[in-house]
1. B:M1 versus (1) at pLDDT below 85; (2) surrounded by 15 or more Cβ atoms within 10 Å (Cβ to Cβ): which is the lone unmet condition?
2. Considering only the range B:80-95, I want to know if a residue exists there that is crowded, with 22+ Cβ neighbours inside 10 Å, within 13 Å of chain A (Cβ to nearest Cβ) and within 18 Å of the chain's Cα centre (by Cα).
3. Where in the range A:151-223 are there helices (runs of 4 or more DSSP H), lying fully within it, with 1 or more residues that are at pLDDT 90 or above and small (G, A, S)?
4. Which one is nearest to the other protein chains (Cβ to nearest Cβ), of the residues in the range A:217-228 that are surrounded by 20 or more Cβ atoms within 10 Å (Cβ to Cβ) and not hydroxyl-bearing (S, T, Y)?
5. Looking only at residues in the range B:107-127 that are of a type in the set (S, T, Y) and farther than 28 Å from B:G17 by Cα, which one is surrounded by the fewest Cβ atoms within 10 Å (Cβ to Cβ)?
6. Considering only the range B:257-273, how many residues are within 7 Å of chain A (Cβ to nearest Cβ) and either within 12 Å of A:L271 (Cα to Cα) or surrounded by 24 or more Cβ atoms within 10 Å (Cβ to Cβ) (or both)?
7. Check the range A:108-117 and report whether any residue there is more than 14 Å from every other protein chain (Cβ to nearest Cβ) and touching a residue at least 24 places away in the same chain (Cβ under 8 Å).
8. Select, from A:Y66, A:Y46, the only residue that is over 30 Å from A:G143 (Cβ atoms), surrounded by fewer than 20 Cβ atoms within 10 Å (Cβ to Cβ), assigned by TED's automatic domain parsing to the domain that holds A:F29 and aromatic (F, W, Y).
Number of protein chains: 2
Amino acid sequence: MLKTPDHQVAGHEAGLGKLGPLVDDSGRFYKPLQGDKRGSEEVAFYESFSSNTNIPEHVRKFFPVYYGTKVMKASTGSDHPHIVLKDLTLGRPNPSVMDIKIGSRTWGPEASEAYIAKCLKKDRESTSVPLGFRISGLQVYIGEESGFYKPDRTYMRQTGLDDVSLILRKFVSSNPSSDTETGGQGPDCSLASYVYGGPSGILAQLLELKTWFEDQTLYHFHACSLLFMFDKALTSEGARSNAEVKLIDFAHVTDGNGVIDHNFLGGLCSLIKFISDIVAEANDHTGTNGKVEL
Amino acid sequence: MLKTPDHQVAGHEAGLGKLGPLVDDSGRFYKPLQGDKRGSEEVAFYESFSSNTNIPEHVRKFFPVYYGTKVMKASTGSDHPHIVLKDLTLGRPNPSVMDIKIGSRTWGPEASEAYIAKCLKKDRESTSVPLGFRISGLQVYIGEESGFYKPDRTYMRQTGLDDVSLILRKFVSSNPSSDTETGGQGPDCSLASYVYGGPSGILAQLLELKTWFEDQTLYHFHACSLLFMFDKALTSEGARSNAEVKLIDFAHVTDGNGVIDHNFLGGLCSLIKFISDIVAEANDHTGTNGKVEL
């Protein structure tokens, strides 16, 4: 049984006559190959990466499991080749998800002039140039009654510098829709220590990824996203965080040619700084850091 | 007694009717203010930085000592305002010097369209975009007889990806002009462990700077350079390296606005990777790393 994914927050969506990803009930995720060379380049990356013996095991966990490609009936009704991956939201019935495109530059040096101009415009109009990343999509699970907080894509595209810290807070709050601008108290960051902090939280995972990026010269990940996921309902079951970080979208990956991916690494470090500020603030409040409660 | 500096490797040079830096015999360096707003912005940075109490002392040593500004007879003969700094090459009679412009992007988000287009062109044509930095100037002291190896500026501007690693090796070699392409043995990297490696070498200094850049959100250093300096003749006097790293050229520094300088940091990490590869190789050869000699 194929259907459209419930928890997609960014990227192409399947619709009437529109190609988009599909999922089945065995936990596989089918991403239609994009028509131009982006599709074949994403396949080339997955093939290269999955057979590359220079990728440490602890780094491999940050990437989707790849099962190959398959021609199948697409969301448009006709046959189309798809990349087959493990569904990332599997095992999280009510996932809170955030998609963050990393890098102040989303184009590679070998792209066409027209493509570079298009990307540069988007990078300058969004927070990519000033911040080194931009938030492309977000959904936060509130509860059975309220369901998900999921701002629409137009809003996400317009997020500026000041919104970014707010959105990163919303992601780990029980009241994500509360805005101080509209008289609310603002997001409470009640899950910050659990989701972002701790030994297995998102910050620890980002730092692990950073260590690899300081050294790896295999790939340059242009226009890739980091996906943050956790399920609030599963948080009470144990102390260990179920929060997870994955890299996705590899249509513009190029060879590293012996140079580190300084563009990705810079954006990653910028994001780490934002997240660690939120964790430090949460620790201050709870006194976890040994500091006086505010 | 004012004169033109002996060891300038990049930037505007004083000449007949041309503004350029001057030095005096008391160890001061006079940099003429650039006519447009770049001059005033560089002064603004030095004023802000020198009075900023949030700069740790161990970071301050990476910046030139600033004495203020002074209107004085310029290299052109007429009165002109100058920035007064401590001469960086002071105490090194025969300095080997390398100027490396850091960042894959040399323009700030608030620059004019024309300026952005001009910088972007240079960044794409040089190694800035692919590598995150470009080498702008170099001189390597060989010895009393041969003097300095100092490739001309046209050559430096044309250095491509493959040249960068070679030039970084030349900087720490006793035979910097030896090229494998012309039948030579290639640079011997005989000073790599001493200049780049060790507890007070350039790599250690870059890592110290990196730690600050991972956290500091005060300034964004667009189009800044790192200057590497050492004096080969002083190397035998003690075990401690006389190699030094300085940041220079602050005409395009902007406020950090709570965001780290991911563009500078990314380029710095890329440079660190190149240098640490050279150090590791040198250690392999000397067995310092406990590894078998090649």
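The values are calculated or read from the model by the stated rules, or taken from the named source; none is laboratory data. Keep in mind that what you see is a predicted model, and the values were worked out from it rather than measured. Quick reminder, even Gly has a Cβ in these numbers, built from the backbone with ideal geometry, and neighbours come from all protein chains shown.
1. Going through the list (1) at pLDDT below 85; (2) surrounded by 15 or more Cβ atoms within 10 Å (Cβ to Cβ), B:M1 breaks only (2).
2. Within the range B:80-95 (the criterion being crowded, with 22+ Cβ neighbours inside 10 Å, within 13 Å of chain A (Cβ to nearest Cβ) and within 18 Å of the chain's Cα centre (by Cα)), the answer is no, since none of the residues qualifies.
3. A:161-170, A:192-195, A:202-213
4. Across the range A:217-228, the extreme among qualifying residues is A:H220.
5. Within the range B:107-127, the match that is surrounded by the fewest Cβ atoms within 10 Å (Cβ to Cβ) is B:S112.
6. Summing the residues that are within 7 Å of chain A (Cβ to nearest Cβ) and either within 12 Å of A:L271 (Cα to Cα) or surrounded by 24 or more Cβ atoms within 10 Å (Cβ to Cβ) (or both) in the range B:257-273 gives 9.
7. No, the range A:108-117 has no match at all.
8. Of A:Y66, A:Y46, the one residue that is over 30 Å from A:G143 (Cβ atoms), surrounded by fewer than 20 Cβ atoms within 10 Å (Cβ to Cβ), assigned by TED's automatic domain parsing to the domain that holds A:F29 and aromatic (F, W, Y) is A:Y66.
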